[in-house]
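What follows is a single structure, written as structure tokens, with notes after it.
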Amino acid sequence: MRLSKVSFRYRRRDPFVIEDADAQLEPGDVIELTGVNGAGKSTLLRLLAGLTRPSTGSIAGRPQVVGFAPDRFPTGQPFTVTAYLRHMSRVRGGARWEPWAERLMMGHLLSVPLGELSKGSAHKVGLVQALMAEPGLLLLDEPFAGLDVDTRAALPSIAAEVAARGGMVIASDHQGGLRSLPAVRQWSLVDGHLKESTTAFAPAPAQPAVSAAAAAQPPAPAAEAGSATVAVTVPAAELPAFLARMRGEGYHAREIEETG
């Protein structure tokens, strides 16, 4: 798949959101796309998906089957989860959605109307519709946002499976959720220009450590097997983000002082 001098702007006299983007994608590529809010990451994904046409330039070699999971799944549709996925299965030529719903642990959601889903649950529906037809190009817009811990843990292996069968995966992600995979390519959008880093991901430099404690089970609903307290040591500079992430996922997390 090839992007050649791809530029995009919303109106003729508007500034370009993306300008002169050149890139080559190969089967098996996994790409992390980063950039500040408003940099044009979602716009680039829509261009890659074929949902938006470039203002200038061209995109060639797009796979026949494209799976796109948007950042905000459109829940304003008169379907339950099951009815929506059955509809999308028919659109996709009878693609099987049930294995993906089971893998993402969505059994309790199947009878729920789309409009009543939380953001994380709606995002799961978006992932299933993107994955069901074995896409040759899988596009994920902030795929880790709002998901439960188990689904977040499953996403890297899912991306690896798509790549292993020759698909291409591009994820707009500021959380670094795919960096555990080998040979992840790094794209960034800076001032409308698409850039690729040739520097491999490296561990953060050592910093003074502070301990934080977090309950191993969310406070609600109560875990069947009870809860446990786990002490985790993280670099001091990363502590605020770590605590915010744990609390956002439903854990009791607080800073504690090291002793001894």
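When region 171-191 is limited to residues that are farther than 10 Å from residue 33 by Cα and surrounded by 19 or more Cβ atoms within 10 Å (Cβ to Cβ), the one that is farthest from the chain's Cα centre (by Cα) turns out to be 184.
Within the option set 75, 56, being among the β-branched types (Val, Ile, Thr) and at pLDDT below 95 holds for one residue only, 75. Scanning region 2-15 for residues that are touching a strand residue (DSSP E or B) at 6+ places or on another chain (Cβ under 7 Å) and either on the phi > 0 side of the Ramachandran plot or modelled with pLDDT under 95 (or both) yields a single hit, 5. If you go through region 36-51 and pick out every residue that is open to solvent by less than 30 Å² (accessible area, probe 1.4 Å) and touching a residue at least 40 places away in the same chain (Cβ under 8 Å), you end up with 8. Taking the criterion of being open to solvent by 30 Å² or more (accessible area, probe 1.4 Å) and part of a helix (DSSP H, G or I), the residues of region 158-170 that qualify are 160, 161, 164. Scanning region 43-70 for residues that are touching a Lys or Arg at 6+ places or on another chain (Cβ under 9 Å) and not polar (S, T, N, Q) yields 47, 48, 49, 50, 54, 57, 59, 60, 61, 65, 68, 70. Residue count for region 78-102 under the criterion of being within 20 Å of residue 171 (Cβ to Cβ) and modelled with pLDDT under 95: the result is 0. Looking only at region 105-128, filter to residues that are within 12 Å of residue 148 (Cβ to Cβ) and of a type in the set (S, T, N, Q); which one of those is surrounded by the fewest Cβ atoms within 10 Å (Cβ to Cβ)? Once the filter is applied, the top-ranked residue is 118.
Within region 87-100, is even one residue among the hydrophobic types (A, V, I, L, M, F, W, C), assigned by the TED database to the domain that holds residue 187, part of a helix (DSSP H, G or I) and crowded, with 18+ Cβ neighbours inside 10 Å? Looking through region 87-100, none of the residues is among the hydrophobic types (A, V, I, L, M, F, W, C), assigned by the TED database to the domain that holds residue 187, part of a helix (DSSP H, G or I) and crowded, with 18+ Cβ neighbours inside 10 Å. Only a single criterion out of (1) open to solvent by 20 Å² or more (accessible area, probe 1.4 Å); (2) part of a helix (DSSP H, G or I); (3) touching an Asp or Glu at 6+ places or on another chain (Cβ under 9 Å) is not satisfied by residue 71, namely (2).
The values are calculated or read from the model by the stated rules, or taken from the named source; none is laboratory data. Quick caveat: nothing in here was measured; it's all calculated off a predicted structure. Every residue, glycine among them, receives a Cβ derived from its backbone with ideal geometry; neighbour counts consider all protein chains shown. Accessible surface is based on the protein model in full, side chains and every heavy atom, while ligands, DNA and RNA are left aside. Shrake-Rupley method; radii C 1.70, N 1.55, O 1.52, S 1.80 Å.
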